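Working notes, structure below.
Values in this text are rule-based calculations from the coordinates and carry no lab data. All of these numbers come straight from a predicted model, not from anything done at the bench. Heads up, the Cβs are rebuilt from the backbone with ideal geometry, glycines too, and the neighbour counts pull from every protein chain shown.
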Amino acid sequence: MEYKYELIRSPRKSMSITISNDNKITVRCPWTVSRAAIDKFLDSKEAWIHRVVARNAERLARNDDVIEYRSVYFCGERMKLVIGDRTGVSDGCVYVTKIEDIEKLFTGLCSEEFFKEVDEIAAVARLTPHSVSIKGYKGRWGCCDAKNNLIFNYILFMLPKRIQRYVIVHELCHTLCHDHSPAFWKLVSDYEPRYKALKKELAEYDFLTSLY
Ligand SMILES: [Zn+2]
């Protein structure tokens, strides 16, 4: 295979390959698998690897200013990020004194309306989360724990409202169905019929969850 990858051997039964948003390739395999078998496995996946790597590279190139903290998304709009002596959003610019201020700024501006939307969808769908909160965390957009406490990542406030709404519907549906079974997706489609397209759109922003 033409790509570099990290190989992790462990007491597992099968081989798997994952590609992160920033194109780090990881191959996991059982202790005893030979190099030849690994190469054969990778060759069989080559077309897929090529496709994913190319797509990620294109997305990263498209967002280089965001990745370098020269711009930041706010509700789906890409704005100039100005690091200086004030904090706020105006005239297509986001002003902060340091990158870490973005969480407090965006949460302050957006959380009230966001909580209202969670309540509205929950009421229509007759779903009752135990609690709803917002925090910053890496690698995911939201979660619903076993006690139906919903936690949403503040980085959602960077995304267009329609995608925020999809994540709300997704996590609310987990209060009834804690897996990603066909029954779960049926429930999601009842409240968000465009969920397939929105899920794809959301994946385009996944890189943001490891950026802040
Ligand atoms: Zn889920």
Dipole magnitude of the chain, debye to nearest 20 (Cβ charges: Lys/Arg +1, Asp/Glu -1, about Cα centre): 780
Signed unit charges on C-beta, dipole axis of the stretch 101-210, positive-most listed residue V118, Y195, L156: Y195
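Of all chymotrypsin sites (Phe, Trp or Tyr not before Pro) in the stretch 12-115, which ones are in loop regions per DSSP and have a Cβ with at most 10 other Cβ atoms within 10 Å?
Answer in residue order: W31.
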Among the GluC sites (Glu not before Pro) in the stretch 1-52, which ones are in a DSSP loop with at most 16 other Cβ atoms within 10 Å of the Cβ? Mind listing them? E2
Rg and Dmax in Å for the chain, alpha carbons only: what are they? 20.0, 59
Cα axis of helix 35-44 to longest principal axis of the chain: angle in degrees, 0 to 90, nearest 10? 60
Just need the relative contact order of the stretch 1-117 here, percent rounded to a whole number, with Cα pairs under 8 Å and 6+ apart. 14
GNM flexibility winner over the chain from E201, E171, E112 (Cα, springs under 10 Å): E112
Taking R0 as 25 Å, what's the FRET efficiency between R140 and D101 from their Cβ-Cβ distance, rounded to 0.05? 0.65
Under a 10 Å cutoff between Cα atoms, tell me which one of R62, R126, R12 has the largest fluctuation in the Gaussian network model of the chain. R12
Computed [θ] at 222 nm, deg cm²/dmol, the chain (DSSP H ≥ 4; -39,500 (n - 2.57); rounded to nearest 500): -13000 deg cm²/dmol
What FRET efficiency comes out for S111 versus A203 if R0 is 22 angstrom and r is the Cβ-Cβ distance? Round to the nearest 0.05. 0.35
Taking a point 7 angstrom from the Cα of R194 along the C-beta vector, which residues in the stretch 163-185 have backbone N less than 14 Å away? 163-167
Scoring the chain by relative contact order with C-alpha pairs under 8 Å, at least six apart, yields a percentage of 14
So how many Å³ per residue does the convex hull of the Cα atoms of the stretch 101-210 work out to? 95
